[in-house]
1. Considering only segment 63-100, how many residues are out of contact with any helix residue (DSSP H, G or I) (no Cβ under 8 Å at 6 or more places or on another chain) and at pLDDT below 90?
2. Being surrounded by fewer than 13 Cβ atoms within 10 Å (Cβ to Cβ) and under 13 Å from the mean Cα position of the chain (by Cα) is the filter here, so list the residues in segment 92-118 that pass it.
3. Scan segment 69-86 for residues that are small (G, A, S), exposed (fewer than 14 other Cβ atoms within 10 Å of the Cβ) and on the phi < 0 side of the Ramachandran plot and jot them down.
4. For Q40, work out the one condition from (1) surrounded by 12 or more Cβ atoms within 10 Å (Cβ to Cβ); (2) modelled with pLDDT of 85 or more it doesn't fulfil.
Amino acid sequence: MDKIVEHARSREVESERGKRQLIELRQSVLEQKKKFLLDQAYAEYNPDWCDYARPLRDENTIRKKLHNIDERLQIIERALGRIKDGSYGTCAKCGKQIANRELFLAPEQELCKECFKNQV
C-alpha cells in the first residue's frame, strides 16, 4: 500500500513540475511568435532593412513559421489539458506510464519511448 501511495505522490509531484515547465515553455513560444511578428511588421514597412528583411517577406516562409509556432502551442496546451484531467504522464497510444526522465526532458511528451519509436 505504501508503494502505491508513494507512486501516486511521485506522479503528482511530476505533474506539478511538468505544469511549471509547460507554462514557461508556452511563454517562451509566445515570445518567439511575438518577436517573429514584430520582425515581419518591421520588414514590411522597411523594405530596405538589410538582407534580413528578404526572407521574412516570403509568404510561404511566414505561413510555415507561424504554423510551426501554433502547432507547438497546441501541443503544449494539450499537455496542460492532460495535467488538468489527470492523464499527464500516460502514453496516449498504449496507456503505459511515460518515464519521469522523459517528461523532464520533454514535458509536452504524449507518447512513451516505445510508441514514439514505432511512430517514426
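The values are calculated or read from the model by the stated rules, or taken from the named source; none is laboratory data. Values in this document were obtained by computation on a predicted structure and should not be read as measured data. Every residue, glycine as well, gets a Cβ built from its backbone with ideal geometry; the counts of neighbours run over all protein chains shown.
1. The total comes to 1.
2. L105 - this is the single residue of segment 92-118 that is surrounded by fewer than 13 Cβ atoms within 10 Å (Cβ to Cβ) and under 13 Å from the mean Cα position of the chain (by Cα).
3. G81
4. Going through (1) surrounded by 12 or more Cβ atoms within 10 Å (Cβ to Cβ); (2) modelled with pLDDT of 85 or more one by one, Q40 breaks only (2).
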